[in-house]
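Have a look at the structure below before the remarks.
Just so it is clear, none of the values below were taken in a lab; they were calculated from the coordinates. All figures in this text were calculated on a predicted structure; none of them were measured in a lab. FYI the Cβ positions are ideal-geometry reconstructions off the backbone, even for glycines, and counts take in every protein chain you see.
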Amino acid sequence: MALTLRSSTSFINLKDNKSFKTPDEILGTVSFTQIKPSRRLRAKNSMHEILERGISTEVTRKDILEKLHALTVSHGQQGTKVPVYIMLPLDTVTHGGNLNKPRAMNASLMALKSAGVEGVMVDAWWGLVEKDGPMQYNWEGYAELVQMVARHGLKLQVVMSFHQCGGNVGDSCSIPLPPWALEEISKNPDLVYTDGSGRRNPEYISLGCDSLPVLRGRTPIQVYADYMQSFRDRFSGDLGSVIAEIQVGMGPCGELRYPSYPESNGTWRFPGIGEFQCYDKYMRASLQASAEALGHMDWGKSGPHDSGQYNQFPEETGFFRREGTWNTEYGKFFLEWYSEKLLEHGDRILAAAKGVFQGTQVKLSGKVAGIHWHYRTRSHAAELTAGYYNTRYHDGYLPIARMMGKHGVVLNFTCMEMRDGEQPEHANCSPEGLVRQVKVAAKTAGTDLAGENALERYDEGAYAQVLLTSRSDSGNSLSAFTYLRMNKRLFEENNWRNLAGFVKSMSEGGNNRLSESDLGRTDLYIGFIKEKSATKIKEAALV
């Protein structure tokens, strides 16, 4: 299944995998053993998958090799280096506020440094840091991580995660919003996004109340700004050096979007169109005011009545079908209002972040979801319900790129690893077409573009696709790539070899293919030597 939600994995339990263990007696001493050279890159699709799609093995292999050849030529000319970061597990900091499994983290960072990665990314959860009460912040677990990252000579991307963890694809841990915020939500359920059936979504505070003092006397934007100011004060000496980037969360999964496709409790499943999230009282009041300003009172009574349900397809609805309501005067009004509210929300948060971190030399970034299903239809239904007014006749990503560019913010986009041919035909997907459109939008707006993979992938084909999308013949290559996600599978021998070769190729601007010269003999077995016997080496991690 091809989704773009941030896939999640709890912190790796190193003792669960025979090939990746960390003994309690770890002392931090490292020994290296050689890895056998790998074969050169070849297509990883199984014969069964290829035959199901009606594509021959020869064609699939040829396609990947042609892409790699194109990378070699283009990157050789441009020589653009793309630093690679690795996302840390979602529960890197525990509910108690401490660094989770520090010995395992130390070994993992040591391995990542040896592989040549630029750094790592971590979520700084609002629900953990400010859980004890308004403006009571606990950064201690993150401070320990910053020190450890610095010791290994790595850099850190920190996500200001104002959303809950849990309820999306792959989530294996739960970190709700701060208890005091949830208490306010229980008193006033309209503080969170609501769909047409009245279903409330506790992932994120509704943007409808951005400027209202609904959180114990503070507006949500003030709460987020205070949180970021506290982070700046605590880590002032590390900003712009160890802490290279702050990614500002602006919605569910940290992405600038509405929670239109919630997976929790089976509400949504791929490739459903999702539902509009504009039915809390604050959003409805805004819609009504906008309609009245245009003299169309009826347009402000509710959202579209014919937009269907979460798991329907566009042609099953009156709104999204080929000649549907989306392309009428009313449909254009609603979509413009809905998407403009999201843009204003992003603008407010990024303006606050810019004010807080000004003068620190730290980069700011914001994340946009890669909603690639139904992209090949006229209405782009799944994008519309998420707040991206992108149709065959309307560019939804250029306004976002311009808004971010105005603040000097990097646009971080997902699904960089996906190919059209991997997607189910009935879902009308085109991740490659979507990425191309976003790259053009970023270039037009003069906004830097960074990327992520949407789903956990370890195969050579996925890395080849990232290399392809990271390059540019026209000067808008990626400024960075963040790989999702560090877990025990990443450190399995073949997966690690693929990653090491990928990082090397990205760091060299794609001058070398993912071949034997890149993937072989990485010298990256890590072993830990017991205190009393340097000859008794116990391999703790095969990386």
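In nm, give the distance between the simple-model label positions of S236 and N188, each being 7 Å from the Cα along the Cα-to-Cβ direction.
So the label points at S236 and N188 sit 3.4 nm apart.
Any idea how far the Cα center of the range 321-394 sits from the one of the range 222-277, in Å?
Taking the Cα centre of the range 222-277 as reference, the centre of the range 321-394 is 15 Å away.
What list of ³J(HN,Hα) values in whole Hz, one per residue of the range 347-356 in order, does the Karplus curve 6.51 cos²θ - 1.76 cosθ + 1.60 (θ = phi - 60°) give from phi, with Gly and Pro shown as x?
With coefficients 6.51, -1.76 and 1.60, one gets 4, 5, 5, 5, 5, 5, 5, 4, x, 6 Hz.
Compute the distance in nm between two label points, each set 7 Å from the Cα along the Cα-to-Cβ direction, one at Q361 and one at L294.
A separation of 4.9 nm, rounded to one decimal place.
In the range 358-480, what percentage of the DSSP-assigned beta bridges are antiparallel, given to the nearest 5?
Working: 1 of 8 bridges.
Here the antiparallel bridges make up roughly 10 percent for the range 358-480.
Provide the per-residue ³J(HN,Hα) series for the range 334-346, in order, calculated from phi with Karplus coefficients 6.51, -1.76, 1.60 and θ = phi - 60°, each as a whole number of Hz, with x at glycine and proline positions.
Whole-Hz 3J(HN,Hα) from phi for the range 334-346: 5, 5, 5, 5, 4, 6, 5, 4, 5, 4, 5, 4, x.
Could you check the spin-label model distance between E315 and E144? Points 7 Å from the Cα along Cα→Cβ, value in nm.
The modelled label-to-label distance comes out at 5.6 nm.
Near the amide H of K155, under 5 Å away, which other amide H atoms are found, from residues 5 or more places off or on another chain, if H is placed in the peptide plane?
G119, V120
If each residue of separation counts as 0.36 nm, what is the full-extension length gain between E340 and D132 once their alpha-carbon separation is subtracted? Show your work: numbers first, answer last.
Values: separation 208, 0.36 × 208 = 74.88 nm, distance 3.45 nm.
Here the segment from E340 to D132 would lengthen by 71.4 nm.
For the pairs K81/K443; K155/K504; K113/K406, flag any whose C-alpha to C-alpha distance is greater than 26 Å. Present the calculation step by step, with values, prior to reporting the outcome.
Values: K81/K443 18 Å; K155/K504 17 Å; K113/K406 34 Å.
With Cα atoms farther than 26 Å apart: K113/K406.
Stretch S197-R216 to full length: gain in nm at 0.36 nm per residue minus the Cα-Cα span? Provide the component values of the computation, followed by the final result.
Working: separation 19, 0.36 × 19 = 6.84 nm, distance 2.83 nm.
Roughly 4.0 nm would be gained on extension.
On alpha carbon coordinates alone, what is the Rg over Rh value for the range 84-158, Rh being the Kirkwood radius? Could you put the intermediate results ahead of the total?
Values: Rg = 12.5 Å, Rh = 12.6 Å.
That ratio is 0.99, to two decimals.
I'd like the projected area of the range 80-226, averaged over all directions, using the convex hull of its alpha carbons. Report it in nm² with one decimal. Walk me through the numbers on the way to the answer.
On the way: hull surface 43.7 nm².
So the mean shadow area of the Cα hull is 10.9 nm².
Determine the distance separating the Cα centre of the range 131-178 from the Cα centre of the range 486-508; give it in Å without decimals.
After rounding, the separation between the Cα centres reads 24 Å.
Over all distinct Cα pairs, what is the inverse of the mean 1/r for the range 425-508, reported as the Kirkwood hydrodynamic radius in Å?
Hydrodynamic radius (Kirkwood, Cα pairs) of the range 425-508 is 14.1 Å.
Which of rounded, prolate or oblate describes the range 274-404 when judged by the alpha-carbon gyration tensor and an a/c cut-off of 1.5? If you can, show how the numbers build up before the last one.
Working: a/c = 2.35, a/b = 1.47, b/c = 1.60.
It comes out oblate by the Cα gyration axes.
For a test of the definition: using alpha carbon positions, the gyration tensor, and the 1.5 limit on a/c, classify the range 363-498 as rounded, prolate or oblate.
Working: a/c = 1.96, a/b = 1.27, b/c = 1.54.
Since a/c reaches 1.5 but b/c is at least a/b, the shape of the range 363-498 is classed as oblate.
May I ask for the percentage of alpha-carbon pairs in the range 194-295 that lie more than 24 Å from each other?
Details: 2108 of 5151 pairs.
Distances greater than 24 Å cover 41 percent of the Cα pairs.
Per-residue HN-Hα couplings for the range 113-130, Karplus 6.51 cos²θ - 1.76 cosθ + 1.60 at θ = phi - 60°, whole Hz, x for Gly and Pro?
Taking θ as phi minus 60°, the curve returns 4, 5, 7, x, 5, 6, x, 9, 10, 9, 7, 9, 6, 3, x, 9, 6, 10 Hz for the range 113-130.
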